[in-house]
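The values are calculated or read from the model by the stated rules, or taken from the named source; none is laboratory data. Owing to the predicted nature of the structure, the values given are computational and were not obtained by experimental measurement. Neighbour counts run over all protein chains shown; Cβ positions are idealised from the backbone, glycine included. Surface areas here come from the heavy atoms of the whole protein model, side chains and all, with no ligands, DNA or RNA. Shrake-Rupley method; radii C 1.70, N 1.55, O 1.52, S 1.80 Å.
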Amino acid sequence: MACTEENKTERTAEGNGVRLKKPDNLPRINLRPFLFVALGLIFGIILYTKIRLGSAKGTDFVFFVLLLAFSLRPLSLKRLGAIFLCFATAAGAGAGLIHFKCENYLSGVLPGEYRVTGTVVSFTVGDGSSSLVLDDLLIGGNSADGKLSVTVSSEAVRAGDQLSFEASVTRGGLPRSGNSYEENLFIKDIRYFATLTEEGFTVTGRGNALLAFNAAVYEVLHAHLSKTQADTAYALLTGNAGNLDDGFAAAVRQGGVAHIFAVSGLHIGILYAALSFAFKKLKRYRVLPALAAVILYAAFCGFSVSSVRAVIMCAVLGIYNALGRKYDFLGAIAFASSAVLFIRPAEWLSAGFRLSFGACLGLALYSRSLKRLFRRLPRLLTEYLAANLAVQIFTFPVLFETFGYFSVWGTLLNFFLIPVLPVLFLGLFVSVVFALAIPPAAAVFLSVPNGMLALFLWVFSFDFSLVLSGFSLGAGGAVWTIGTVALSERVRFRVKTKAVLFIAFSALFSFAVVLNNVVFTGCKLIAERSAVLVQTRTECVLVIDGTSGAATYENFLMRHYGGKLGAVVVLGTNAGAGLSVALRLPSEEVRAASKTATGFYETVVLYDKEFSYGDLQFRFESENKLTLLAEECAVEIDFTGEQSLGADLFLRKGNAGVYYLNRGAVYRSLR
């Protein structure tokens, strides 16, 4: 935080050999209006979404209470009034903005069969088809807000194509608490889903110049590079990683470097720095062409949250430099987050928002302290280790709860990758521009980054599957976040106080993680979309509907259970596909309601109608329905959602949450 006059006086006196007692009446956190505006917006958005989309808990707001408590000392009326006004006004605005977002999302065309026209804004190609997201919609001849998702039997559709087709249109609803898939649709404003009722579609025209340029980049890359290299280059330039090979994408994530495919501060910063250098003769006015270029680039990438954040922070930096003022990093973060949430309040629900701003907050909170810690090392290594560890300290809980694991390779791989990325990114960017400008020489221009892409792909052909996984943080994530803020140099505590807080937070974090993952008594059920994990102190059984791929269930287990399962139980009429998936999961047995050909030896699949594991008793009521008896409670699991039994607990697809059965009672804990 900014230094006060008392701090300056103290340092001057110490520099003259006089040791002064540190004043104890300073505020723990200095007053930055936009910091409390950002916190107020987040508070209002969380409060509204918790109440409307899920149940609110007091622990959701502990962070805000403690932060405000740190900010209010000394309790002067002027300071108290300023903080309360900033925070309360922003909280009301946040709640209002997310309310209008929810109401907008529910408005629009009713389900039915329509002639649909729209412009493709993103596409994913594979297996003879393309998954598309359309904007600028006309449904049944009427303009419709929001976006539409549709799959067509063609790989030739590109961004900017205006399509027209007959389709059956359905609607999405507000996301249920804990359902990440529905939250992602809500954030992206995808309100409609279309299924073509007539074969084929018509391309009626082209969209705006930026979408046309996006399509041209895709075409020129795939015309002159191998598919794997072209998909990688396209993801690096646009942030659209949907076309990446699944194995390669998993290796990148497990290697801890997936941020290179999310157009972020690195990409925007590299481009801004390069253009500032190119226009250095303009002196203070060089900020104008540099900013114009990065804004256009962010628009080209669809204004992803990380690119918008980076553009705003570059604008603040450029303006401060032009005016000769000192750049306030923490203030710029607060201003950027406030601006993003005012425009797109639903972004708070996205992992991208929390990771992007969390990384910046980590740098603001810890980088200076870590630089002092590593000051005896070479300067380059000091800078890298301080920045990397600062980012990882603050983003650890978000990464862990989002992806289900924490990479042990990230620090090593980023050490080599980050210095190389500017060369690769700028080289690729310039090569593509020249390839599009001079088509006959496109192959020559694209041969420049070809070798670096090949080396990049070769590195990720190695196994990076060793990750920290198999459990969830639960309340430990909130403890970690509060602790990292309280122990940073931005919050003023004495050294002894920080030592006590470190011990207390460490103990509380350990206790929360153990309590969240170890079943001491009773039965615990974790439900997410099409999977239910049933745990007791000695047994663990996974129930799936088999409609998702093995990677989905492996990711589920990475976030919740790291051991070998006692059994995987497959529900659904398409049990053959489900069994094929189940046989890839780490379990001792696989069970299904009726015999189905799997292509594997049938002896590994059991078909008993009733079975038990320890105190857990299961019974197939049909191919789609399973009942569980445990702790004097009856639980019905039916992913089709057709409830028929009088069970104490009914679980269906999308009914996310954590449930505890204990002595005839059911307790629910939302995450």
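Worth pointing out:
- Within the stretch 221-249, the set of residues being at pLDDT below 80 and among the basic types (Lys, Arg) is empty.
- Looking only at residues of the stretch 448-458 that are touching a residue at least 12 places away in the same chain (Cβ under 8 Å) and under 29 Å from residue 558 (Cα atoms), we find that the one that is least open to solvent (accessible area, probe 1.4 Å) is 456.
- For the stretch 117-176, the set of residues classified as touching a helix residue (DSSP H, G or I) at 6+ places or on another chain (Cβ under 6 Å), open to solvent by 10 Å² or more (accessible area, probe 1.4 Å) and among the small types (Gly, Ala, Ser) consists of 172 only.
- Single condition residue 504 does not satisfy, out of (1) surrounded by fewer than 16 Cβ atoms within 10 Å (Cβ to Cβ); (2) in contact (Cβ under 8 Å) with a residue 12 or more places away in the chain: (2)
- For the stretch 405-428, filtered to residues that are hydroxyl-bearing (Ser, Thr, Tyr) and out of contact with any Ser or Thr (no Cβ under 9 Å at 6 or more places or on another chain), the residue that is farthest from residue 258 (Cα to Cα) is 411.
- Matching residues in the stretch 300-343 - criterion: being among the polar types (S, T, N, Q) and not in a helix (DSSP H, G or I): 304
- Among (1) in contact with a His (Cβ under 7 Å, 6 or more places away or on another chain); (2) surrounded by fewer than 17 Cβ atoms within 10 Å (Cβ to Cβ), the one test that residue 442 misses: (2)
- Matching residues in the stretch 608-630 - criterion: being within 20 Å of residue 579 (Cα to Cα) and either polar (S, T, N, Q) or in contact with a Cys (Cβ under 7 Å, 6 or more places away or on another chain) (or both): 612, 622, 624, 627
A quick yes/no check of all residues on (1) aliphatic (A, V, I, L, M); (2) open to solvent by less than 10 Å² (accessible area, probe 1.4 Å); (3) closer than 30 Å to residue 104 by Cα:
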{"site": "329", "(1), (2), (3)": "no, no, no"}
{"site": "340", "(1), (2), (3)": "yes, yes, yes"}
{"site": "358", "(1), (2), (3)": "no, yes, yes"}
{"site": "382", "(1), (2), (3)": "no, no, no"}
{"site": "389", "(1), (2), (3)": "yes, no, no"}
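- Taking residues in the stretch 110-137 that are free of Cβ contacts under 8 Å to residues at least 24 places away in the same chain and on the phi < 0 side of the Ramachandran plot, and partners anywhere that are part of a strand (DSSP E or B) and open to solvent by 30 Å² or more (accessible area, probe 1.4 Å), the pairs with Cβ atoms closer than 8 Å and at least 6 places apart or on different chains are 135/121; 135/147.
- Here residue 95 passes the criteria (1) touching a Lys or Arg at 6+ places or on another chain (Cβ under 7 Å); (2) more than 16 Å from residue 190 (Cα to Cα); (3) of a type in the set (Gly, Ala, Ser); (4) modelled with pLDDT of 90 or more except the one numbered (1).
- Residues located in the stretch 475-501, provided they are open to solvent by 30 Å² or more (accessible area, probe 1.4 Å) and either among the small types (Gly, Ala, Ser) or under 29 Å from residue 409 (Cβ atoms) (or both): 475, 478, 480, 481, 487, 489, 499
- The lone exception for residue 467 - which of (1) touching a Leu at 6+ places or on another chain (Cβ under 9 Å); (2) on the phi < 0 side of the Ramachandran plot it fails: (1)
- Residue list for the stretch 656-671, filter: within 17 Å of residue 180 (Cβ to Cβ), in contact with an Asp or Glu (Cβ under 9 Å, 6 or more places away or on another chain) and at pLDDT 75 or above: 656, 657
- Scan of the stretch 566-592 for residues that are in contact with a helix residue (DSSP H, G or I) (Cβ under 8 Å, 6 or more places away or on another chain), under 24 Å from residue 465 (Cα atoms), modelled with pLDDT of 85 or more and not β-branched (Val, Ile, Thr), ordered by number: 585, 586
- Tally, over the stretch 220-272, of residues that are in a helix (DSSP H, G or I), open to solvent by less than 30 Å² (accessible area, probe 1.4 Å) and closer than 20 Å to residue 122 by Cβ: 18
- Checking residue 509 against (1) open to solvent by less than 30 Å² (accessible area, probe 1.4 Å); (2) in a helix (DSSP H, G or I); (3) in contact with a Gly (Cβ under 7 Å, 6 or more places away or on another chain), the condition it does not meet: (1)
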